[in-house]
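Report on one structure; see the data block that follows.
A short reminder: the numbers here are calculations on the coordinates, not readings from a lab. This structure is a prediction, so every number in the text was calculated from the model and none was measured. Don't worry about glycine lacking a Cβ; one is built from the backbone with ideal geometry, like all the others, and counts go over all protein chains shown.
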Amino acid sequence: MREADRPCPGRRGGPPRGARYAVDDGASLATVATGSVEWVTAGLSLNNVPDLAAAIRAVRRVLVSGGHLVFTVPHPCFEAPQARWSGGADEPPGRVVGNYLVEGFWRSANPDGARRAGNQHRMLSTYVTSLVEHGLVIGRLAEPAPDARVIAEQPQRAGLPPFLLISGLRSPTTGASTSRGRAQHLRRRRHPSRTGLRSHPADP
Ligand SMILES: C[S@@+](CC[C@H](N)C(=O)[O-])C[C@H]1O[C@@H](n2cnc3c(N)ncnc32)[C@H](O)[C@@H]1O
C-alpha cells in the first residue's frame, strides 16, 4: 500500500473521510496534483526547507484558483542567528538579536533551545516577497502571544511572539505567477487590443 493510500490513523472507527497521508518533499509536492487542493498549511516547516522559492512555487501549483496557503515559522525577528537571552538579577529579561540580516542555516547554541536542531533564517520581508512574487495575495500576518502555559514555564518569553503566521491566497483574478508573468499581465491590461483580450484572463 502506498503511503498516500493509508487511512487517517487518528480516526476512531468508521470509514476514513478522505484524509490521506503522503511522504513528500515540500519543495516539490510531487505526489499532489496541480490545481487540486483548496488549502495548504505548513506548521513550522518552511523554516526547514532550504529553497523557499521552490516550496512556494509548489504550493501555488497545487492550489486551486482562490485556494489558501497558511504557514507559521519561528518569529524571524527573535529567532535569528546568534539570538540569545539577556537580563539578570538587576534587569528584566530580554532578547538580544544577532544577525537578523544574515539569511541561511544556523543552529542555536542553547542545548535546551528548539532551534538547536537547525533552522533556515529568513527575514520577514523575504517570506512576504516570496509569496507576492509567486502570485499569492497576502491575506494576513499574525504574531500570536505565547499562552499561559508557555509563560509559566519560560517567563522571559512573555513579551515576545514565538511564531509568525502568514496567509496567502492564490488569486482567481490574476495570471501573474512570476515576474515575467506579471509583466505580461500588466502589458495585456494596458494594451488589450494588442493581445486580442478585452480584459485580463482568469488564472489558468
Ligand atoms: C519543527 S517540525 C514541525 C512539525 C509539525 N508541523 C508541528 O508543527 O508540530 C518541522 C517539520 O518539517 C519537516 N520538513 C523539513 N524539511 C521538509 C521538506 N523539505 N519537505 C517536507 N517537510 C519537511 C520535518 O520533517 C519536520 O516534521
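Of note:
- Fewest-first ranking of Trp106, Trp39, Trp85, using other Cβ atoms within 10 Å as the exposure measure: Trp39, Trp85, Trp106
- log10 of Debye I(q)/I(0), alpha-carbon scatterers only, for segment 29-172 at 0.09, 0.12, 0.14, 0.21 Å⁻¹: -0.32, -0.54, -0.71, -1.28
- Theoretical FRET efficiency, 1/(1+(r/R0)^6), r = Cβ-Cβ of Leu124 and Glu91, R0 30 Å, to 0.05: 0.65
- Likely footprinting exposure, Tyr21, Tyr127, fewest C-beta neighbours within 10 Å first: Tyr21, Tyr127
- Length added when fully stretched, Ala117-Arg17, from 0.36 nm per residue minus Cα-Cα: 32.5 nm
- 12 Å beta-carbon shell around Gly168, net charge (K/R +1, D/E -1): +2
- The ranking of Glu91, Glu133 from fewest to most other beta carbons within 10 Å of each one's beta carbon is Glu91, Glu133.
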